[in-house]
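Worksheet for the structure shown next.
The values are calculated or read from the model by the stated rules, or taken from the named source; none is laboratory data. This is a predicted model, so every value here is computed, not measured. A quick note on method: Cβ atoms are made from the backbone with ideal geometry, for glycine too, and the neighbour counts reach across all protein chains shown.
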Amino acid sequence: MRCPFCKHRDTRVIDSRFSGEGDTIRRRRMCSSCDRRFTTYERVEETVPVVVKKDGRREPFDRNKIIAGLKRACEKRPVSMETIEEITDRIERLAAESGGKEIPSAEMGTAVMNELHSIDQVAYVRFASVYRSFKDIDEFMRELEDLIRLRKDNSSGEIRPRDKKGEPTS
């Protein structure tokens with residue numbers, strides 16, 4: 001590992017620790033030339049599939065897009081940045097574990113909505129209104145009524161995603 005200070009290539013690891021959920025290793029290193037210390041992080045490079053958009057375009061999975069969408073939905077809500085990062089990690093893991101080379105953006109959106117539903121229902125409705133592109137107030141009201149019904153009927157809070165026509169999917 002090259003020293004970020006003097007650019008010398010000979011450095012040694014003086015301490016290693018697991019970070020987060022054990023999927024990252026934090027290493028303290030020391031340069032043999034200038035004796036300065038620095039930290040590096042090592043994590044497995046997971047192969048995540050390409051996301052297939054609604055219009056058929058394909059783009060590489062980008063966790064920053066998920067974080068940005070979650071931030072917008074959770075704006076002025078009591079949801080920490082740490083929670084947003086954890087949700088993003090779970091979604092990224094879901095994409096990587098799907099096993100395929102491609103994953104539909106609809107699956108990603110549904111996963112985000114399911115996560116938000118269990119964290120903050122206002123953020124969930126905000127995200128759903130953009131993601132599902134509600135055409136009128138009736139579609140929006142139908143979603144709110146479903147939330148109210150689910151709150152009364154189901155203490156677990158599990159939601160059933162809806163298709164483009166507003167019908168529950170199985």
- Of the numbered conditions (1) in contact (Cβ under 8 Å) with a residue 12 or more places away in the chain; (2) within 22 Å of residue 118 (Cβ to Cβ), residue 14 fails exactly one; give the number of that condition. (2)
- Message: I'd like to check something: does the range 40-57 contain any residue that is closer than 20 Å to residue 128 by Cβ, over 16 Å from the mean Cα position of the chain (by Cα) and surrounded by 11 or more Cβ atoms within 10 Å (Cβ to Cβ)?
- Response: yes
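Restricting to the range 127-142, name every residue that is modelled with pLDDT of 75 or more and not charged (D, E, K, R).
Selection gives 127, 128, 129, 130, 137, 141.
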- Item | Conditions (1) within 30 Å of residue 19 (Cα to Cα); (2) part of a loop (DSSP other than H, G, I, E, B); number of the one not met by residue 85 | (2)
- Some residue of the range 35-52 being touching a Phe, Trp or Tyr at 6+ places or on another chain (Cβ under 8 Å) and over 26 Å from residue 110 (Cβ atoms): yes
